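Written out below as structure tokens is the structure these notes cover.
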Amino acid sequence: MRSRTFLALVIAALLGPAGCRSSAPEKAKNAGRGGAGPPPAVPVAVATVTRQDVPIFLTGLGSVQAYNTVTLKTRIDGQIMAVYFREGQEVHKGQALALIDPRPYEVALQTAQANLARDQAQLNTAKANLARSKALLDAGVVALQEYQTQEATAGQFEGTVKADQAAIENAKLNLAYTRIVSPIDGRVGLRMVDQGNMVHASDTNGMLVVTQMRPIAAIFTLPQEQLPDVLAQTRKGKLTVQAFSSNDQTVLATGKLETVDNQIDPATGTARLKAVFDNKDGALWPNQFVNIHLELATTKDALVIPAAAVQRGPDGDLAYVMKDDHKIVIQPVTIALTQGNIAVISSGLQAGELVVTEGQDKLQAGTFVSPKMISPSMASPGAAPQSAGAPQSPAPGPRPSALPASPASGPSATGSSGIGTASSGGAASEPAASGTRPRGAAGTSGHSSGNRASPSHTAENLGSGQ
């Protein structure tokens with residue numbers, strides 16, 4: 001009995017220190033788990049789901065054309081005596097531009113007038129002789145044949161007088177042609193002939209070109225698939241057209257759609273359309289290439305989010321929605337259309353919800369986030385570019401955050417210094433845990449042709465009128 005008790009004490013003495021050493025790390029580990037706070041919040045940029053009117057634009061490449069182009073040529077032969085215009089000058093209809101030597105045509109007019117006076121005198125004499133022959137014929141003194149001969153002579157002189165009058169009118173017309181006048185209001189181009197040169201009516205080249213630039217036109221093309229939608233909208237009224245610069249960022253002019261060509265080009269499958277602009281500031285120039293934005297319709301009170309908030313998942317489009325507790329919910333959405341840098345949502349979201357626009361690559365359902373940056377408010381696609389000649393607007397000042405305070409970090413988690421767009425990010429990578437692959441930041445580059453509304457995305461298809 002004593003031996004057993006002694007053996008038990010020896011075993012307990014040997015195992016005691018090892019047991020203490022092995023249990024200490026476990027206790028420390030358990031203590032560490034119990035004392036740590038929630039996982040750190042993931043910084044993201046968010047935007048509010050809003051409602052606004054969204055214009056639907058169709059885009060095409062166009063070329064500016066003068067509304068009228070006139071190549072002035074001489075209709076008579078002669079020497080240029082004077083030039084009354086400067087190259088590049090704005091001229092008005094009826095304004096004198098050049099003078100051809102009028103002296104030969106003044107002489108021709110005087111000659112025609114003299115011939116008329118001579119032949120008029122001969123006509124008067126023939127009429128007097130005819131009257132005498134008539135009296136003698138009635139008295140039976142002269143024969144009828146003699147009377148008829150005198151009557152024919154008087155008729156010949158009447159014809160000669162009319163020819164002289166026509167010659168006078170022709171001489172006056174040629175004299176008027178010596179003054180080269182502008183037939184339209186427009187701008188004079190480079191001079192093709194100089195003072196002192198001889199010009200001929202048979203010359204191939206003209207003397208100068210006048211182009212009408214106010215108003216001015218633009219010819220552009222659209223795919224034939226979009227033509228029925230355009231024709232349907234033109235029956236309701238004139239459609240608005242905007243001409244953008246070559247970089248598709250600056251609005252040069254705003255006008256109206258004038259007409260659609262009466263046939264489709266079989267080689268390209270496109271239709272030609274003509275738009276007219278007032279061009280009061282002269283921003284458009286003949287033969288200038290422009291990007292045309294045709295406003296087809298306007299979707300009223302549409303539910304919109306930034307296009308960067310839309311991500312692609314295995315089951316379709318989705319958006320990361322931040323709830324009041326700053327936790328993420330993955331919400332499937334249905335996109336009606338993408339216009340510019342905004343997406344029109346037909347289902348899946350409600351106005352006032354907050355969607356993540358940057359930082360989606362680190363998110364999954366239930367992720368705790370810290371919205372340190374708020375995306376700027378969305379503008380309509382047609383109002384984003386800067387107009388030509390307009391001063392740049394100053395950057396907006398800070399505005400108070402409308403986000404709920406983070407439960408972990410308190411009100412300072414969304415401090416006012418976090419307002420603005422994120423400086424990092426870009427195309428989002430695939431989330432590790434959610435199994436979805438983000439779409440990236442496509443659609444945030446302004447008026448990209450890849451984000452244009454397709455012909456099926458008209459106001460009728462979206463259930464709203466223009």
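General remarks:
- Filtering region 246-278 to residues that are among the polar types (S, T, N, Q), modelled with pLDDT under 95 and under 13 Å from the mean Cα position of the chain (by Cα) leaves Ser246, Asn247, Gln249, Thr250.
Matching residues to (1) over 23 Å from Tyr177 (Cβ atoms); (2) without any contact (Cβ under 8 Å) to a residue 60 or more places away in the chain; (3) assigned by TED's automatic domain parsing to the domain that holds Glu158; (4) not basic (Lys, Arg):
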site	(1), (2), (3), (4)
Thr48	yes, no, no, yes
Lys73	no, no, no, no
Gln79	no, no, no, yes
Tyr84	no, yes, no, yes
Gly88	yes, no, no, yes
Ala108	no, no, yes, yes
Ala117	yes, yes, yes, yes
Gln120	yes, yes, yes, yes
Leu123	yes, yes, yes, yes
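- The criterion of at least 3 residues that are not basic (Lys, Arg) is met, among strands (runs of 3 or more DSSP E) falling completely within region 93-191, by 96-100.
- Subset of region 174-191 (residues that are of a type outside the set (Phe, Trp, Tyr) and over 27 Å from Lys280 (Cβ atoms)): Asn174, Leu175, Ala176, Thr178, Arg179, Ile180
- Qualifying residue in region 195-211 (condition: surrounded by fewer than 18 Cβ atoms within 10 Å (Cβ to Cβ) and assigned to a helix (DSSP H, G or I)): no
- Identity of the residue in region 344-363, acidic (Asp, Glu) and not in a strand (DSSP E or B), that ends up nearest to the chain's Cα centre (by Cα): Glu353
- Listed by first and then second residue, the pairs linking a residue in region 145-157 that is at pLDDT 90 or above to a residue that is outside any helix (DSSP H, G or I) and surrounded by fewer than 13 Cβ atoms within 10 Å (Cβ to Cβ), with Cβ atoms under 6 Å apart and 6 or more places separating them unless they lie on different chains, form an empty list.
- Among the residues of region 254-287, those that are without any contact (Cβ under 8 Å) to a residue 40 or more places away in the chain and either buried (at least 18 other Cβ atoms within 10 Å of the Cβ) or not in a strand (DSSP E or B) (or both) comprise Leu257, Pro266, Ala267.
- Residue list for region 302-341, filter: within 25 Å of the chain's Cα centre (by Cα) and either modelled with pLDDT under 90 or among the small types (Gly, Ala, Ser) (or both): Ala302, Ala307, Ala308, Ala336, Leu337, Thr338, Gln339, Gly340, Asn341
- Per the listing Thr71, Thr50, the residue uniquely surrounded by fewer than 17 Cβ atoms within 10 Å (Cβ to Cβ) and within 23 Å of Asn205 (Cα to Cα) is Thr71.
- Close pairs (6 angstrom Cβ cut-off, 6 or more residues apart or separate chains): over 14 Å from Asp261 (Cβ atoms) in region 223-235, hydroxyl-bearing (Ser, Thr, Tyr) and surrounded by 15 or more Cβ atoms within 10 Å (Cβ to Cβ) anywhere: Asp229/Thr458
- Being under 20 Å from Ala47 (Cα atoms) and surrounded by 15 or more Cβ atoms within 10 Å (Cβ to Cβ) holds for only one residue in Val321, Val290, and it is Val321.
- Contacts under 8 angstrom Cβ, first residue in region 321-334 being among the polar types (S, T, N, Q), partner assigned to a strand (DSSP E or B) and crowded, with 16+ Cβ neighbours inside 10 Å, 6 or more apart: Gln331/Leu318; Gln331/Ala319; Gln331/Tyr320; Gln331/Val321; Thr334/Asp317; Thr334/Ile345
- In region 170-177, the condition of being of a type in the set (S, T, N, Q) and surrounded by fewer than 17 Cβ atoms within 10 Å (Cβ to Cβ) is met by at least one residue.
- Residue match in region 115-125 (condition: within 30 Å of Thr74 (Cα to Cα) and in contact with a helix residue (DSSP H, G or I) (Cβ under 9 Å, 6 or more places away or on another chain)): yes
- Of all the listed residues (Gly140, Gly94), the sole one being under 30 Å from Gly282 (Cα atoms) and loosely packed, with under 15 Cβ neighbours inside 10 Å is Gly94.
This table checks each residue for (1) touching a Cys at 6+ places or on another chain (Cβ under 6 Å); (2) within 30 Å of Gln110 (Cα to Cα); (3) basic (Lys, Arg); (4) modelled with pLDDT of 95 or more.
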| position | (1), (2), (3), (4) |
| --- | --- |
| Gln165 | no, yes, no, yes |
| Glu169 | no, yes, no, yes |
| Arg191 | no, no, yes, no |
| Met207 | no, yes, no, no |
| Val241 | no, no, no, yes |
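- Criterion (in contact with a Gly (Cβ under 8 Å, 6 or more places away or on another chain) and modelled with pLDDT of 95 or more) met by exactly one of Val44, Val91: Val91
The values are calculated or read from the model by the stated rules, or taken from the named source; none is laboratory data. The model shown is predicted, which means the values in this text are computed figures rather than measured ones. Note that we place each Cβ from the backbone using ideal geometry, even for glycine, and neighbour counts take in every protein chain shown.
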